[in-house]
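Read-outs: derived from the displayed coordinates by stated rules, not from any lab. Small disclaimer: the values here were computed from a predicted structure and weren't measured. Cβ atoms come from the backbone with ideal geometry, glycine included; neighbour counts cover every protein chain shown.
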Amino acid sequence: MSDYAGAERDPQITPTRKTRGRRSRPQNGGGDTNHPADELQDRDLFAEYGAPPDWPMESYAFLVALYNAGFVGFLLGAKKAGIRLPERIPVADLLLLGVATHRLSRLITKDWVTSPIRAAFTRYQGPGDAPAETKEKARGRGLRHAIGELLSCPWCAGQWAATLLTYGLIVSPRITRLAASILAIDDLSNVLNTAYSAAEKSL
């Protein structure tokens, strides 16, 4: 019997041709297959990453976006102000800013006197490994937790400190070198104090 026989008997039935080896796509509201765009829309972008459940991934993404927005803003502001970016930074400045970044990052994240800056985002855990330093842990959720981690991690804060010092070197070299020299001298003093304390204990 022909495939069109049923259509001839019932005008409400639309004739269809049989296909081999091909599956028809389900209509709206039918079938179990979802379109890839719908799956991406409904899926949590960070769910399959496998990070600990207390990681505020959205807040991390916000801080990354904020950092890069600041970088773009600095470039646009420097261009508008007629500030010419250097082709390279001298080695002496790299060494100076590197040591200053180390001191500034620990000053922000570990020092006792800067604890009021961190108090709203971290919780005191006890004395730190070095003199005049503390151990702290990020508290809260979301953006508050992410900022707490940034303010209690010297490696994390180091990127921001280095960026600020580099911006300062481009905009106001003399003032930045003066501030960086103070931080570098303080860092060297801390190294000497640590070595002196270790030598005293060994005697």
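Okay, here's what the table says:
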item: Cα→Cβ-extended label distance, 7 Å offset, between ARG123 and PHE62, nm; result: 2.1
item: Within region 162-184: backbone nitrogen closer than 20 Å to the LEU76 label point (7 Å, Cα to C-beta); result: 164, 167-168, 171
item: Inter-label distance for GLU48 and SER181, nm, one decimal - labels placed 7 Å from Cα along Cα-to-Cβ; result: 5.6
item: Scattering profile of region 46-190 at q = 0.11, 0.18 Å⁻¹ [log10 I(q)/I(0), Debye over alpha-carbon scatterers]; result: -0.51, -1.11
item: Nearest-0.05 FRET efficiency for ALA199 and CYS156, computed from C-beta distance (R0 45 Å); result: 0.90
